[in-house]
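The values are calculated or read from the model by the stated rules, or taken from the named source; none is laboratory data. These numbers come from a predicted model, not from an experiment. Cβ sites come from the backbone with ideal geometry, for glycine too, and all protein chains shown count toward neighbours. For accessibility, only protein heavy atoms count, side chains too; no ligands or nucleic acids. Shrake-Rupley method; radii C 1.70, N 1.55, O 1.52, S 1.80 Å.
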Amino acid sequence: MTTRTCSAKIILALWLSALALPGQQHRAPKSRPKPAAKPTAAPVSGLLALVRDYRQNPTIARHSSIVAWAAAHPKDAPLAHLALGIAAYEQKDFPAAIAALQKVRLPLIADYSAYYLAAAQLESGDNAAAVKSVAPAHSGEARSPLAGKSWLVDARARQDTQAAETVRILREHYADLPQPDGDLTLAGAYQAAGDLPQAAEFYQGVFYQYPVGDASTRAAAALVTLKDTMGAAYPKPLPQQMLRRADRLLELRDYVHARSEYESIPAQAGGLDRDRARVRIGASDYQAGKTAVAYPYLRDLDLRDSEADAERLFYLQECARRLNDEDEMMSAVKQLGRKYPRSPWRLKALLAAAGRYVATNRPGDFVPLYKAAADDFPDDVTAPLSHWRIAFQAYFRDKSDADRLLREHLRHYPAHSTAAGAIYFLGRHAEQRNDPLGAAACYRLLSTVFQNYYYGVLGRDRLRRIALPTGPAPSSEMGDFLAALKLTAARPIVSTPARLTTLRIERSRILRSAGLNDFADAELRFGARIDGQPALLAMEIAGASDAPHQAMRAMKMMNGDYLNLHVEDAPRQFWDYLFPLPYRADLAANARDRGLDPYLVAALIRQESEFNPGALSRANAYGLTQVRPVTGREFARRAGIQRFTNRMLFEPSTNLKLGTLILRSMLDRNSGNLEQTLAAYNAGPSRAAEWVSWNTYREPAEFVESIPFTETRDYVQAVIRNADIYRRLYPEARP
C-alpha cells in the first residue's frame, strides 16, 4: 500500500467508530482491544513481527525475510525499506541504510526517511547529499519530532564549507535543538568560523552543565585545544559554572568526583561561591553516608553570614537528625530562624525536622515547625501540605480553631490535593456541631467535584447516613462558603479529533505498520506535548499496546488529571484503558473463595503492579499482587500448592490464589479493618500496628491521615478509590 491508502477522512471515520463502541472488558493481555482502524492491509501484520525480531536480534536470515516480504508485497514495500533503513542506521551500517532509505516514498512521514537518509549520508562523508536529503524534514503540516535533530544534521553537513551559515541555522532554531548535542555542534560551528571566544563559551557550557557522557569528553578535548590556541585570551570558566558541574555530579550521586570538584573551587573563586564550595565538600560526605566525617567538618567551618552559612546550618541539622541528636538538630533549626528567616535552607530544615517528629507521632513538636514553614514561606510549593498538617491536627485534637483552619486551608489552597480532605473533615466537624445541612453541603461537593477521590467515596457514604429535613433543601452558610471556592475541574474529553490530532494518528499508524512501534508512540507523545489532544493520542497508544499495564502506563503518563474527570466526561474506552479488568475469571473466583470483594482485589492489583504479571519490585515482590517469595512459600502450603518456586509467582493464576489468601489473612488479623490492612500490605504489619497504637481514631479516615509515610497514605487512599471506580465501571461484576 502507499502512504495515502488510508486517507485522513477514512482514518477519522474509523477512529470515531472505535470511540463509539461500548466499553470492552479486558480478560487477558491477548484480548486487549486494538484500534478499530489500521492504516494498512492485513499482510502488513506479518511485517510487524519481522521488523520487531530483526531490530531486537539482527541476523542475515531475518534481514532476508524482510527483503522477501517486500518483494512479495510491492505496494507496501516502502514500509519494509523504511524499517530496513532505520535498522541499518542503528547498526551503523550506513551504506545499507542509504540504499534502503533511497527506495522509500512515504510522503506523509517523509521527515523520517529524510532524516535517517541524511544522517547516514553525513556519517558516510557525503555532506552535499545530506544537505539536500534532509530538507523534507524541515517542512510538513505536522511539526516533526525529528526537527531538532534534523537541523543538527543540516548544520554539521555545512560546517566545513559554510561555517557562518551553520551558526545562523543553529541560532535560528536553537530552541528545537536536543542538548547537549546542540551546544556542542554550535561550539564547533563557531570554531570553524574562527570565533574562538564564542566556541569556548559553548564548549564550557557543555563541559560544566553535562559532566558525564560523550559530549562532556568531546567538549573537554576541544577546550584543551582552544586553550593552547588562544593563550591569554582563553576565557576562564566562571565559578558558577564550576559549582554547577560539581552540583550535577552530586545530583548524579557521584560523591567522590563531586567532592573533588568542590575542593578545586576555593582556590579559584572568592566570596559566596568559595563558601558554597566549602560547604558542599561536607555535603558530599553527608550524602555519601559519611556523617561522622561531615558533622565535625561543617560544625567547625567558619563562614560569614550568607546563604552559604544557611546551607551549612541545614546540613548540620541533617547530620544531627541522622545521628538522633534532636537537641543539636533543633539548635541548627533555631539558628536558621534567627539568622536567615527567609532562606530556603531554613524551609528545608523546618520540613526535615518536622518529618522526624511526624514519624514518631509528636504533634506538639511538628505542628509549630509546619506553622513556621506555612507562615514564613506562604508562596512555596510546600505551603499547602504544611498548612494541611496544622489544620488536620486542629480537627483531630478537637481544637477550638479547627473550623477556622479548615476554611482557611480551602480559601488559600483550593487547587491542592488536600482540598478534598479539608472539605470532608469540615463536613465531619459540622456533623459534630449538629449542622446536618452544612455537612451535607460538604459531602455533595465531594461527591461531584471529587467523585474519583478517596474523600469523594467517603463523602457519598456520609451523605447517605445524614438525616436531612424533608422538602426542598434550604440554603446554608456552609453552602455559600463552598460555592465561593475556586476549585479546579478537568475539561471533558472532546471525542472528535482535530486536524493535527488526526494527522498524528495517521502518521503513527504508518510507522507502526512498518514495525516501528517505538517511533509511532514517540510521534503521539510529541504531538500530545505540542499540538494534539493528549487524551485521544494516549488512547491511540493504549489501543496498540500489547498488554493492559502498558496501555495504563501510557494513559496515566499523558493524562495526569484524569481523576478530576467525571466518568461521563470521557469515552468509555478511556476508562477501560485506565481501569482494566484482565484475568477477570480467576480474579473473581479467588475473591469469592476468600470472601473478598473482587473490586477491592482489582483495585489492589492496579496499585501494586498495574496488572503486569511479570512485575518485580525493588523489594523483591513478584507478580500481580506483589508477593515476596518467603511469604509466597508460606501461603503456598496453606493453599495446597505443591513444589512451589519463585517463578510461579509470575503466573497470574498462582499469584491471584496466593495474593487473595494473604489479603484475607491480613484482613482477619486486623478485624476486618480495611484501611489498617492496606497500610500493613504496603508498609508491613509491624509498622501499621504501631500507627494504630498511636491514637484513638474515631473513624478510619483519621487513621489514614495520621499515617506518617506519604507513600503508604497515598496507597491506602488510592486502593479504596480504585475499588469505587471499578464498582461504577463494571456494575455487572458485582458479587
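Values for this structure:
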quantity	calculated
Segment 44-123: chymotrypsin sites (Phe, Trp or Tyr not before Pro) falling in loop per DSSP and having at most 16 other Cβ within 10 Å	none
Carbon plus sulfur fraction of accessible area for the chain, probe 1.4 Å, in percent	52
Phi to ³J(HN,Hα) by Karplus 6.51 cos²θ - 1.76 cosθ + 1.60 over segment 383-393, Hz, x for Gly, Pro	4, x, 5, 4, 5, 5, 4, 5, 5, 5, 5
Segment 604-728 - convex hull of the alpha-carbon atoms, volume per residue in Å³	110
Total formal charge among the other residues, if their Cβ is under 15 angstrom from that of Asp275, Lys/Arg +1 and Asp/Glu -1	-2
3J(HN,Hα) from dihedral phi, segment 71-76, Karplus parametrisation 6.51/-1.76/1.60, rounded to Hz, x for glycine, proline	5, 7, 10, x, 5, 9
Surface per residue (accessible, 1.4 Å probe) for segment 442-575, Å²	41
Net charge over other residues, Cβ less than 13 angstrom from the Cβ of Arg168 (K, R count +1; D, E count -1)	-2
Isotropic mean projected area of the C-alpha convex hull, segment 222-370 (nm²)	10.2
Under 14 Å, Cβ to Cβ, from Ser495 - net charge with Lys/Arg +1 and Asp/Glu -1	-1
Per residue accessible area of segment 335-418, 1.4 Å probe, in Å²	45
Filtered trypsin sites (Lys or Arg not before Pro), segment 285-345: DSSP coil and at most 13 other beta carbons within 10 Å	Arg304, Arg342
Cross-link reach list, aspartates and glutamates versus Lys236, counting only Cα pairs under 14 Å and skipping chain neighbours closer than eight places	Glu201, Asp228
Trypsin sites (Lys or Arg not before Pro) within segment 384-471, DSSP loop, no more than 12 other Cβ atoms inside 10 Å	Arg397, Arg433
Rule-of-thumb Rg ratio for the chain [Cα; 2.2 N^0.38 Å; N residues]	1.13
Directionally averaged projected area (convex hull, Cα atoms, segment 159-222), nm²	3.9
Spherically averaged projected area in nm², based on the convex hull that wraps the Cα atoms of segment 514-671	11.7
